[in-house]
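Contents: one structure, followed by commentary.
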Amino acid sequence: MDYNNHTFARVVTDLRPVVPDDSLAVDDLLSRELLKLSLNDRTAIHEEIHGVRCLAVQETPELIVAALIEFQTELDRIPPKDKRVYEECKMRMLLFPDEEQTCYVLHDDDFRLRFLRCELFDTAKATLRFVNYLNFVHERWGPEIALKRLVQFSDFSKSELKLIRKGYFQVLPFRDRSGRRVVTILGGFSPEIDEVGRSKVIFYIMDVLTRNDIESQRKGIIIITEACMWRSDEGAGKNGGGRSTYSIRFPNPKEDPSQVRKMIASMPSRLVALHNCWPDQPSYILIAKILTIHGSGSMERIRWKYHLGDELEMRYRLKSFGIPIEMLPITESGTIKLNFHQQWIKTRKLLEQQQTNVVAVVECPGSNDVVFRQGTASVENPGNAMCRDLILTYLEEKETEKEEQKLRHNTTTASAATTSAAATTATIQQQDDRHKQQYEVEPVILSTTVIPMAYMSKMTAAYNTNHTEMIDRVLDQIINHKHGNFLEWDKHRSTWIQMTDEVWIKRKVSALLYTCIKHHRRQVKTNNNTNNNSSSSSSSSTSGSRRKNTPQQQLQLLSSASSLQTMAIKSEIENDDDAEAAGVGPYIFIEGGTPSSKQQRCCNITTPIGDSPSSSFRKRSKRSRNN
């Protein structure tokens with residue numbers, strides 16, 4: 001028998017006893033869930049998790065009206081025993097007809113649209129989530145809140161408020177690159193924490209993030225869990241609180257994992273992905289298996305991602321999904337940062353207490369909103385990155401126009417210089433030695449102040465015109481086309497407020513524009529210096545010895561003195577460091593700025609061509625000593 005036959009090898013492999021593995025059960029479960037979907041659906045979900053695509057439905061007024069009508073039809077088909085809270089709301093409106101129009105359950109179309117957007121306008125699933133939401137709120141907060149109004153921050157008890165302020169559950173201050181809100185879970189799953197209070201806090205955070213934010217309703221929410229969520233408070237402080245020193249603490253044995261699935265099925269927010277960043281240890285792998293099987297439904301199970309390994313590797317994996325890892329509220333040693341979390345709590349109180357009548361308070365900037373705040377935190381805002389890209393695009397267009405104008409100007413100047421050179425040569429040949437001596441003895445006197453002042457005023461006006469035009473283009477693109485807003489940080493309220501003064505917005509954008517121009521010119525200057533150094537090294541070897549200028553060349557040098565001075569002034573104005581001295585810096589648009597053209601200047605000093613101020617001073621001092 002040929003033992004090298006591949007068929008024999010396959011038969012032996014099939015007859016080998018199979019050792020059962022628990023991990024195979026989880027893999028089989030996930031594979032069955034994926035096989036239920038088509039190839040296009042699997043690809044779309046995978047791309048949405050990575051932030052490449054958004055599965056939100058393109059909404060139209062006709063679609064919204066039809067969806068709301070079908071929503072009510074599907075809601076009426078549900079048996080009364082499955083929608084008891086909804087039936088109680090209808091009975092309450094019969095007893096209190098004055099409150100019927102203010103009931104959010106019966107007549108708030110925006111509230112129902114949240115569930116439709118969460119289920120991508122699948123009315124059957126949206127009504128089921130709607131009923132689960134009412135049942136969950138009624139179970140956790142009671143009928144006094146579920147039948148009258150939405151849950152507020154003041155509805156929590158003291159112990160629950162203490163749990164919120166610990167910062168175990170936080171929201172990032174900015175969105176990710178795809179416009180999704182990011183929620184971090186950094187603790188709170190130890191046995192000491194009440195599971196009912198924890199579920200109420202997580203549900204409230206997921207609820208308020210999409211109440212008045214249409215972008216978050218459409219693009220969904222990302223959840224990130226850290227390994228320290230299974231850590232006890234006692235284990236966090238050993239040896240400096242390192243991540244590798246604490247011991248794992250499982251939840252309360254009486255806690256049912258299905259409660260997590262029940263809470264997820266009741267949230268009016270679309271969960272795009274849940275990233276679990278845990279160490280590669282057997283205990284965490286066991287928890288992952290339990291949550292995959294019992295803690296999530298069929299559709300949520302596909303969107304759960306487990307990143308097991310080193311901390312740095314997990315950070316890079318999160319970054320590949322478009323998540324701003326720089327804003328994660330946890331340090332390398334496992335310490336939770338509370339700065340942004342405390343600001344978020346203040347903002348929620350302002351919005352719920354209706355203390356925002358004077359200004360428009362914004363909880364989180366949108367994807368197309370441009371924010372202004374001191375520090376580097378605003379750099380992570382997607383709207384600021386979009387605004388900088390717009391400005392750089394306009395600058396590149398200006399550079400292209402400049403190059404084209406320079407090319408046309410050089411062509412015209414070359415033809416004119418050829419004609420004038422021929423005429424000058426004929427004139428010089430007819431001159432005698434007396435004219436040659438006159439050129440050598442009598443220097444041509446040119447004013448160094450009259451030409452620069454005229455040219456400087458012209459350049460300042462052109463600079464202002466170009467910048468004003470660019471600012472108007474940026475405002476039009478962001479406000480009218482992107483439908484974004486301009487926000488600034490209010491230190492007294494510790495929140496973002498919408499800017500309404502157009503003049504103040506232009507001043508802020510002007511400062512941002514000036515910063516982008518300086519950065520752009522430095523890059524161009526660096527590239528030009530690199531090219532000039534390479535070209536100068538090749539030209540210096542072929543320069544040769546210099547010969548004395550002929551009278552024709554002297555005349556050309558004298559005639560071009562004015563153009564040389566003009567070019568010098570132009571280079572000074574275009575220089576980044578001397579732009580403010582020329583009166584064309586950012587202070588033209590910012591309050592309190594004074595252009596240099598309004599400042600006093602020294603008296604006019606005339607200096608012959610070829611003599612520097614230091615050489616003329618030495619000549620005068622020498623004549624005074626001789627006298």
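Quick notes on this structure:
- Hits in region 328-347 - residues which are surrounded by fewer than 18 Cβ atoms within 10 Å (Cβ to Cβ) and not β-branched (Val, Ile, Thr): 332, 333, 337, 338, 339, 340, 342, 343, 346
- The one condition from (1) modelled with pLDDT under 85; (2) surrounded by fewer than 17 Cβ atoms within 10 Å (Cβ to Cβ); (3) among the β-branched types (Val, Ile, Thr) that residue 287 does not meet is (2).
- Given (1) assigned by TED's automatic domain parsing to the domain that holds residue 182; (2) out of contact with any strand residue (DSSP E or B) (no Cβ under 7 Å at 6 or more places or on another chain), index of the condition residue 351 fails: (2)
- Counting only helices (runs of 4 or more DSSP H) that fall entirely inside region 3-65 and contain at least 1 residues that are at pLDDT 75 or above, the qualifying elements are 22-35, 39-49.
- Check on residue 169, of a type in the set (A, V, I, L, M, F, W, C) and either surrounded by fewer than 20 Cβ atoms within 10 Å (Cβ to Cβ) or in contact with a Pro (Cβ under 7 Å, 6 or more places away or on another chain) (or both): no
- Residue 188 being assigned to a loop (DSSP other than H, G, I, E, B) and more than 22 Å from residue 377 (Cα to Cα): yes
- Single residue of 159, 154 found to be at pLDDT below 95, polar (S, T, N, Q), farther than 25 Å from residue 214 by Cα and not in a loop (DSSP other than H, G, I, E, B): 159
- Filtering region 268-292 to residues that are in contact with a Cys (Cβ under 8 Å, 6 or more places away or on another chain) and either assigned to a helix (DSSP H, G or I) or not hydroxyl-bearing (Ser, Thr, Tyr) (or both) leaves 268, 270.
- Where a residue in region 201-224 is within 9 Å of residue 181 (Cα to Cα) and crowded, with 21+ Cβ neighbours inside 10 Å and its partner, wherever it lies, is modelled with pLDDT of 95 or more and acidic (Asp, Glu), with Cβ under 9 Å and at least six apart: none
- Residues satisfying the stated conditions in region 175-186, i.e. within 17 Å of the chain's Cα centre (by Cα) and either over 20 Å from residue 345 (Cβ atoms) or surrounded by fewer than 22 Cβ atoms within 10 Å (Cβ to Cβ) (or both): 176, 177, 178, 179, 180, 183
- Residue identified as more than 24 Å from the chain's Cα centre (by Cα) and assigned to a loop (DSSP other than H, G, I, E, B) among 354, 405, 374: 354
- Any hit, region 492-502, residues being farther than 21 Å from residue 364 by Cα, more than 22 Å from the chain's Cα centre (by Cα), at pLDDT 85 or above and assigned to a helix (DSSP H, G or I): yes
- Some residue of region 145-157 being closer than 26 Å to residue 306 by Cβ and among the polar types (S, T, N, Q): no
- For residue 201, the criteria (1) at pLDDT below 85; (2) in contact with an Asp or Glu (Cβ under 7 Å, 6 or more places away or on another chain); (3) not aromatic (Phe, Trp, Tyr) hold in every case but one, which is (1).
- Unmet criterion (only one of (1) more than 21 Å from residue 211 (Cα to Cα); (2) at pLDDT below 90; (3) assigned to a helix (DSSP H, G or I)) for residue 106: (1)
- Listed by first and then second residue, the pairs linking a residue in region 258-281 that is in the same structural domain as residue 128 (by TED's automatic domain parsing) and without any contact (Cβ under 8 Å) to a residue 24 or more places away in the chain to a residue that is surrounded by 22 or more Cβ atoms within 10 Å (Cβ to Cβ) and in a helix (DSSP H, G or I), with Cβ atoms under 6 Å apart and 6 or more places separating them unless they lie on different chains, form an empty list.
- Flag if residue 113 is over 30 Å from residue 228 (Cβ atoms) and exposed (fewer than 13 other Cβ atoms within 10 Å of the Cβ): no
- Odd one out for residue 91, checked against (1) more than 22 Å from residue 194 (Cα to Cα); (2) free of Cβ contacts under 8 Å to residues at least 12 places away in the same chain; (3) surrounded by 13 or more Cβ atoms within 10 Å (Cβ to Cβ); (4) not aromatic (Phe, Trp, Tyr): (3)
- Of all residues in region 103-122, those that are under 13 Å from residue 69 (Cα atoms) have Cβ atoms under 6 Å from Cβ atoms of residues that are assigned to a helix (DSSP H, G or I), 6 or more apart or on another chain, in 109/68; 112/71; 116/67; 116/126; 121/67.
- The listed residue being outside the structural domain of residue 268 (by TED's automatic domain parsing) and buried (at least 17 other Cβ atoms within 10 Å of the Cβ), out of 156, 189, 121: 121
- In region 282-316, the residues that are without any contact (Cβ under 8 Å) to a residue 40 or more places away in the chain and in contact with a His (Cβ under 7 Å, 6 or more places away or on another chain): 307, 314
- In the condition set (1) assigned to a helix (DSSP H, G or I); (2) surrounded by 16 or more Cβ atoms within 10 Å (Cβ to Cβ), residue 323 is compliant with all but (1).
The values are calculated or read from the model by the stated rules, or taken from the named source; none is laboratory data. No experiment lies behind these values; they were computed from the predicted model shown. Every residue, glycine as well, gets a Cβ built from its backbone with ideal geometry; the counts of neighbours run over all protein chains shown.
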